[in-house]
Amino acid sequence: MKPGKPGTDRNSGGLAEQLRASGLVLLGDPECPVFKGDVVASLEDGVASGEISVSAKYFQHDKSRGVLQAKGFGLLALKDGELVVRPLLKVVEEKTAIKASLHHCAFDGGEVTTGRISGVLESMGFGVPVDRDAVDAALAEAKRTGNPSQSIIIARGERPEEGEPGRFEPAESEEAEAGNDLACFDPRERSCFRKVAEGEVLGRLVPPKPGKAGTDVFGNVIPPCESGEASGVTVGQGAELDEGGETVRATTPGLVSWRGNELNVLDALEIQGDVDFSTGNISLDKGSVLIKGSVIDGFRVEAPGDVTVKGNVQAATISAGGSVMVGCGILSGEHGGVYAGGPVRAQFMENSCVAAGGDITVAHNITNCHVQTEGKIVCTRGKGVVQGGTLNAFQGVECNEVGSEYGVVTTIRIGPQETSQDRKELLAKRQKIKDHLAKLDNALGTGDAREILERTPVDQRERVVKLLKYRSTLHSQQREIKCLLDEERRCFLDCTRATLKARRVVYPGARVVMLGRTLKIEETKHAPTIRFSMENMRFEIG
């Protein structure tokens, strides 16, 4: 390439003049980009002098010609007294896109074309083609306005697609569907219990959707974040799958009941009105309870199965081995509470204490409550407002709003907060076994059983054989505990991926707690997803 006419710097800083003072004469327009191999400047007497140095990272000095050649694509600039090439390309969107600022004219006076930009990507080792339509349009706009087109995506890889886990999709009754309409909401009539007849469809098992790998701009494969796992739902007593293996039907009349991930249809005790002085406290050794009225202040309902209440739970106590389904609201106050081994569902909760082994689903609001669950808290189908109190959800929280514009303190605890009691017991048992083994090794030695028996006097061998058998048993228990601890740790790490997802807004005053760390919301966040990064050990807001 022949050197062009020395350019002039139109900026007030006078780059050309500053370089000339150091013996560098620009051979083009410094407001336009240089390309790899361009001759950008000649050196008086073959060397640069003065206050400005030349970066060997960006330029090659051809001493025989007394010129500098650019090693890359970008704009000439001074950085801390050194002449550099400021890049105009940037890898963004988790390495799946290339963003650029495009000028219509090059440093040497020639036109910047899509072909030249494509050549830049190839020379830099990118594995994706240039988006010719985007680059053509950006260059045309730059030529029309005389200004560079900024932050243009000129090439893309392919972002991975997350898989979707399999799930159970319940078939809701007409009564339940009508109650989901906020305009029809009547706390005196609303019921969310599911009583089914023989042969009735309970729902269907939706198969998982596998994830799809992506490709970054360097041609590397990006694996999907989620592979898509089966739902894990099984069909138990009183229900069956059809021949296709998807639709679940009831084989007997009764009440839909969940035991972990097992779906059952069970018999239930029916209370036609309220639980009050006419019934006394309800305490069952077997089965479930269906209450067509409310549970009045001061009363107690206990069942190893499910408890379904069509009305309200007032200042009363509900204890269920399975689910608790409340047609209206839970207002248990400080003298009552709801405790379930499975999921809990209600239209609203106010000033209540609720604990569940499964998901907690509320339509409209959770206000000034203490809520704890080993599953998720979902509050999205109606107003979906969480305000005041403390929510503890092992698998995350999804709602519409958190807190209020008045700064009401609302604490959301997600994921594991401390070492589980099971892990503590396993660790204690492991230490006890380790101590026993140390004593046995001290008494018997650390060799194998054959060696130990060979050096044991004949009259003591019977006793030593028993000790060796005991040692073998302890080693087996030690291996079993290690497997249990490894599995518990895997579950722990899975739950650290729990999030707080607010579909509309999180107000100042909200606090998110995970692994002993607290994120205080100082300004309004719109539709955020808040998670804790185990890799960076800090909260991330997306």
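The values are calculated or read from the model by the stated rules, or taken from the named source; none is laboratory data. All figures in this text were calculated on a predicted structure; none of them were measured in a lab. Here Cβ is always computed from backbone atoms with ideal geometry, including for glycine, and neighbour counts include all displayed protein chains. Calculation scope for accessible area: heavy atoms of the full protein, side chains included, ligands and nucleic acids excluded. Shrake-Rupley method; radii C 1.70, N 1.55, O 1.52, S 1.80 Å.
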Please arrange Glu93, Glu51 by accessible surface area, largest first, computed with a 1.4 Å probe and ligands excluded.
-> Glu51, Glu93
Mean Cα-pair separation over length for the range 16-122, i.e. relative contact order, pairs under 8 Å, 6 or more apart, % | 26 percent
Under the definition of Cα pairs under 8 Å and six or more residues apart, what whole-number percent is the relative contact order of the chain?
-> 7 percent
Determine how large the accessible area of Met325 is when every protein chain is in place; take a 1.4 Å probe and give Å² rounded to the nearest 10.
-> 30 Å²
Lysines within cross-link reach of Lys525: Cα-Cα under 16 Å, excluding same-chain residues under 8 positions apart?
-> Lys501
Dipole axis of the chain (+1 Lys, Arg; -1 Asp, Glu on Cβ), positive-most option in Val378, Ala21, His103 | Ala21
Label-to-label distance, nm, for residues given as His475 and Arg538 (7 Å Cα→Cβ offset) = 4.9 nm
If you count, for each residue, the other Cβ atoms within 10 Å and average over each peptide, how do 511-522, 360-371 line up from highest to lowest?
-> 360-371, 511-522
Per the 1.4 Å probe, what fraction of the accessible area of the chain, in percent, lies on carbon and sulfur atoms?
-> 48 percent
Given a Förster distance of 45 angstrom, what is the FRET efficiency for Thr524 paired with Lys63, based on the Cβ-Cβ distance and rounded to 0.05?
-> 0.15
Amide H to amide H under 5 Å from Ile222: which residues, 5+ apart in sequence or cross-chain, H placed 1.01 Å off N in plane?
-> Gly214, Thr215, Asp216
With the contact rule set at Cα under 8 Å and sequence spacing of 6 or more, what percent relative contact order holds for the range 254-409?
-> 12 percent
Are any of the pairs Lys432/Lys482; Lys376/Lys520; Lys292/Lys383; Lys90/Lys212 more than 18 Å apart by Cα-Cα distance, and if so, which?
-> Lys376/Lys520; Lys292/Lys383; Lys90/Lys212
Indicate, rounded to the nearest 5 percent, the antiparallel portion of the DSSP beta bridges found entirely in the chain.
-> 45 percent
Under 20 Å from the Cα of Lys424, which aspartates and glutamates turn up, not counting those fewer than eight places away in the same chain?
-> Glu374, Asp435, Glu480, Asp486, Glu487, Glu488, Asp494
What ranking of Tyr507, Tyr406 comes out by heavy-atom accessible area, probe 1.4 Å, highest first?
-> Tyr406, Tyr507
Modelled FRET efficiency - R0 22 Å, Ala443 with Lys482, Cβ distances, 0.05 increments = 0.35
The correct ranking of Asp62, Asp435 by accessible area at 1.4 Å, largest first, is Asp435, Asp62
Keeping all protein chains in place, calculate the accessible area per residue for the chain (probe 1.4 angstrom), answer in Å².
-> 53 Å²
For Ile282 the rounded accessible area (nearest 10 Å², probe 1.4 Å, non-protein molecules ignored) is 20 Å²
Karplus (6.51, -1.76, 1.60) ³J(HN,Hα), θ = phi - 60°, over the range 85-95, in Hz, Gly and Pro reported as x | 10, 7, x, 10, 10, 8, 7, 9, 6, 6, 6
Per the charge dipole of the chain (beta-carbon charges, Lys/Arg positive, Asp/Glu negative, Cα centre), the residue among Gly509, Phe539, Gly358 reaching farthest to the positive end is Phe539
So what's the net charge close to Val248: Lys and Arg +1, Asp and Glu -1, counting the other residues with Cβ under 9 Å from its Cβ?
-> -1
Just grab the label-to-label distance for Lys383 and Glu246, each label 7 Å out from Cα along the Cβ direction, in nm (one decimal).
-> 3.8 nm
Ellipsoid equivalent to the chain - semi-axes via the Cα gyration tensor, in Å = 65, 38, 23
Helix-derived [θ] at 222 nm for the chain: sum -39500 (n - 2.57) over DSSP H runs of at least 4, divide by residue count, nearest 500?
-> -6000 deg cm²/dmol
What dipole magnitude, in Debye to the nearest 20, does the chain give about its Cα centre under +1 on Lys/Arg Cβ and -1 on Asp/Glu Cβ?
-> 1720 debye
Leaving ligands, DNA and RNA out of it, work out the accessible area of Lys36 with a 1.4 Å probe and give it in Å² to the nearest 10.
-> 140 Å²
